[in-house]
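Below is one structure, written out as structure tokens, with a few remarks after it.
Just so it is clear, none of the values below were taken in a lab; they were calculated from the coordinates. Treat the numbers as computed from the prediction; the structure is a model and nothing was measured. Cβ: placed from backbone, ideal geometry, glycine included. Neighbour counts: every protein chain shown.
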Amino acid sequence: PVLVYIHGGGYTEGSGDFQRPDFLMDKDIVLVTINYRLGPLGFLSFEDKELPGNNGMKDQTAALRWVRDNIAQFGGDSGTVTVWGESAGAASVHLLMLSPLSRDLFHRGISQS
């Protein structure tokens, strides 16, 4: 199985190295942690075609596409991807579940407050 971790931080701070893999070391799980644009570069939106915004969510979707296309080379199964987020990352999991852009990129979601 593959576990993709999305960090919290109110969409203004945080990074993928927040979650250490220690608790997974004796499990047969491939952990992927990602970074995404934060603050105005990641989530400012003018509701305009030229500057649609939400680049942070687009970064998360791009990371999930990368996992789908490449995780087998790291011993993971692209057919068993779970997205796990805490705090703002949990909200991202909800948004990814609703977005047509992330359809078929993961199979389960865990939202942790």
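When the stretch 39-68 is filtered for residues that are of a type in the set (A, V, I, L, M, F, W, C) and either under 10 Å from the mean Cα position of the chain (by Cα) or within 21 Å of LEU105 (Cβ to Cβ) (or both), the ones remaining, listed by number, are PHE43, MET57, ALA62, ALA63, LEU64, TRP66, VAL67. The lone criterion from (1) without any contact (Cβ under 8 Å) to a residue 60 or more places away in the chain; (2) at positive phi left unmet by GLY9 is number (1). Might you let me know whether the stretch 56-76 holds any residue that is surrounded by 17 or more Cβ atoms within 10 Å (Cβ to Cβ), farther than 22 Å from LEU98 by Cα, touching a helix residue (DSSP H, G or I) at 6+ places or on another chain (Cβ under 6 Å) and not hydroxyl-bearing (Ser, Thr, Tyr)? No, the stretch 56-76 contains no residue that is surrounded by 17 or more Cβ atoms within 10 Å (Cβ to Cβ), farther than 22 Å from LEU98 by Cα, touching a helix residue (DSSP H, G or I) at 6+ places or on another chain (Cβ under 6 Å) and not hydroxyl-bearing (Ser, Thr, Tyr).
Restricting attention to the stretch 83-100 and to residues that are of a type outside the set (Gly, Ala, Ser) and in contact with a strand residue (DSSP E or B) (Cβ under 8 Å, 6 or more places away or on another chain), the residue that is surrounded by the fewest Cβ atoms within 10 Å (Cβ to Cβ) turns out to be HIS94.
Checked against (1) touching a His at 6+ places or on another chain (Cβ under 9 Å); (2) buried (at least 16 other Cβ atoms within 10 Å of the Cβ); (3) hydroxyl-bearing (Ser, Thr, Tyr), THR80 passes all but condition (2).
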